[in-house]
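Undergrad: Pasting in a structure now, in structure tokens, and then I'll have a few things to ask.
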Amino acid sequence: MQEYVVIKKGSSIRHCINVPDDFMDMDLEIKIRPLVKTGKIGKKLEALYNKYPDIAPFGKLGDSKQWQRNIRDEWA
């Protein structure tokens, strides 16, 4: 995969990237490369479930609504 590196002052790129004030006068390294497509997550999950049919990752979850409430309560 090709990658390009550009060195620019923070102040020169703040119009297109949110640059912290501390970086305004610094030289910043910007790397540009193509985004690698990861595919659809649904297809990957389906492949995993098919590969390991005897594993039930959510089997012990029980009541999913109660589980969600418990998780939210941990953050309160």
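Undergrad: Toward the positive end of the charge dipole of the chain, about the Cα centre and with charges on Cβ (Lys, Arg +1; Asp, Glu -1), which of F58, I17, I32 goes farthest?
TA: Checked the options; the winner is F58.
Undergrad: How many Å³ per residue does the convex hull of the Cα positions in the chain occupy?
TA: Values: hull volume 15.4 nm³, N = 76.
Residue-normalised Cα hull volume stands at 202 Å³.
Undergrad: Once every DSSP H run of n ≥ 4 in the chain is given -39500 (n - 2.57) and the sum is divided by its residues, what mean residue ellipticity at 222 nm do you get, rounded to the nearest 500 deg cm²/dmol?
TA: On the way: 3 runs with 27 residues, N = 76.
After summing the helix terms and dividing by residue count, I get -10000 deg cm²/dmol.
Undergrad: Now a separate question. Which far-off residues, 5 or more places away or on another chain, put their amide H under 5 Å from the one on L28, with H placed in the peptide plane?
TA: Distant-sequence amide H within range of L28: K8, K9, G10.
Undergrad: Once phi is turned into θ = phi - 60°, what whole-Hz ³J(HN,Hα) does the Karplus curve with 6.51, -1.76 and 1.60 give for every residue of region 41-54, x standing for Gly and Pro?
TA: Working through the residues one at a time gives 5, x, 5, 5, 5, 4, 5, 5, 4, 6, 6, 10, x, 7 Hz.
A short reminder: the numbers here are calculations on the coordinates, not readings from a lab. In this text, all values refer to a predicted model and were calculated from it rather than measured experimentally. Positions of Cβ are generated from backbone atoms using ideal geometry, with glycine treated the same way; all protein chains shown enter the neighbour counts.
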